[in-house]
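Working notes, structure below.
The values are calculated or read from the model by the stated rules, or taken from the named source; none is laboratory data. What you see is a predicted model; the values in this text were computed from it and never measured. Here the Cβ positions follow ideal geometry from the backbone for every residue, glycine too, while neighbour counts run over all protein chains shown. When the accessible area is computed, the model is the full protein with side chains, heavy atoms only, and any ligands, DNA or RNA have been set aside. Shrake-Rupley method; radii C 1.70, N 1.55, O 1.52, S 1.80 Å.
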Amino acid sequence: MCGPMKLGLKKEMKMRQESIFWENIKHEYAIWHFIRYKRISDIINETKGKQLLNVGCGIGLLDLLITNKRIISLDVNRKNIIEAIQIRKNNKLKENTFYTLVADLYALPFKEKFDVIICSEVLEHLTDDRRALKALVSVLKQKGLLLITLPNALRLEFPQLLRLALRPKYLCSEHLREYKVSDVYNLIRPFQLRIEKITGIYFDFPFFHIFSRPTRAFTSIQFSTKFRFFVYTALYRIYATFWIAFEKLFWHHAYHILLVLRKA
């Protein structure tokens, strides 16, 4: 990529990240959501193939960080889809980005197949995660990529250590289950899927979670836009430079399990 084109893309991505920053504040999300979106998009933007399906897209913030793909994003919640469409319009995303509504993940309404599928923080909400995975594999192209993130049942949290609890509480009251790494292998065993990468997202052993409340408090103070965004991105750079190296040693206790699968 030539110099001017590369600079233009970097400027566009900075604008998109700033948009995510404001949407995080508006929807009372924490910086940890941005870290998950960034980790996923860093992987997806390096993949080949144009056709991408994002299942359980929420309000579509992850899509803002994905480039050079034709995206179809799905969510069971109609309000999320309406909000996602509005965010896309506000950020002037290209017209080849689409959102639609699917009420039943178990029966995806597609004849076409996809080069890449993202299913982030979805399977733990479903009564039959294996059936949902079967549906996803059915619309994935041969040699296509499936990226999944799951809440880690063995994560270590600072509040958990204070309680001297052996296991953390569920991250969300709506979770029907949470996963250990061994559960992941059992989940994918019936399918023709090869693990290309398995790791964790935003390690929390044992003090990183302390910064959650101060970060939320910080976003409520009326600093200038540039200063707030500078701090937001600086935190991610610190994470990406130092904390990910830590995760490689202790990723079994990260907040989420990140799984990259290739269809055989």
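A few notes on this one:
- Under-5 Å amide H pairs with Tyr99, H placed in peptide plane, nonlocal only: Ser73
- Label-point gap, in nm, between Phe98 and Val231 - each point 7 angstrom along Cα→Cβ: 4.2 nm
- Computed with every protein chain present, the accessible area of Phe227 is close to 90 Å² [probe 1.4 Å].
- Once the Cα-Cα distance is subtracted from the 0.36 nm per residue extended length, the Lys143 to Glu174 segment shows a gain of 7.9 nm.
- Just the protein heavy atoms count here, and of the accessible area of the stretch 41-116 at 1.4 Å, carbon and sulfur take up 49 percent.
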